[in-house]
Amino acid sequence: MATFPKLSQPVTPAEIFVAPATFDAAHGRAAVHHAVKDGILKPSDIESVELAEPALLYVPFWRVGGAFQKDGFVMVCARKDVPYETRVPSVVTDLSGLKALDVGTNELVPLNAGAAREALAAGEVVDADVDKARAEAIVNGLLLGPVSAEPKSLAGTFLLYPLYYAPYRYSGESRRHAGEELFVAVSGRTGEVAFAKYPSAVRAMATKLRKLLSFDRR
């Protein structure tokens, strides 16, 4: 069963590129494990979570750039139900702590190239439902804001980007509700988290503080 179901009428541009994964399955698994279980904001019982083997997904993106920035591009996810938030590339992360995905032009391989076919054979290709015009409108809105009436001239490249994706359930002490369904996706090129839904950090810290004050060492 596909992680993200196939679409009856997907967006399929004439020109498609692939950014091959540089992390193998073992490195992808380790990156997912680290993202889920390490960190001061994670629940003290997070080790009890069982993680399935992450799925290598080749997720569609529009890589949009143009007059707004000399050498900059913005990655817009081309699948609506993939919860990636569009961000402007920066050395400074936003409040989520997540960096924008990025890939260089020289790192993209045409879909019909042998390296692209080999890369895609190792993963699952996710269909797209966001067209180029919509992606460019998202970037214009992100960069110019609602007060600007003059959109910039943009150019979009369609590509498939590798993400190691792992859904999991958490039923521990910091859960929001029983059987909470969570997920994490890490880049198959950098190992950094692209998007995630974790157990509540507020609940986790409150639980740790309560145990500390009550001298409960469980």
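No value in this document is a laboratory result; all are computed from the given coordinates. Note that the structure is predicted; figures quoted are calculated from it, not measured. Ideal geometry is used to build each Cβ from the backbone, glycine not excepted, and the neighbour counts take in all protein chains shown.
Annotations
- Checking the Cα-Cα distances for LYS132/LYS197; LYS42/LYS80; LYS42/LYS99 against a 23 Å cut-off, the pairs over it are LYS132/LYS197; LYS42/LYS80.
- Highest-first arrangement of 26-33, 50-57, where packing means the average Cβ count within 10 Å: 26-33, 50-57
- Two-site FRET efficiency, ASN112 against LEU41, from Cβ-Cβ distance with R₀ of 30 Å, rounded to 0.05: 0.10
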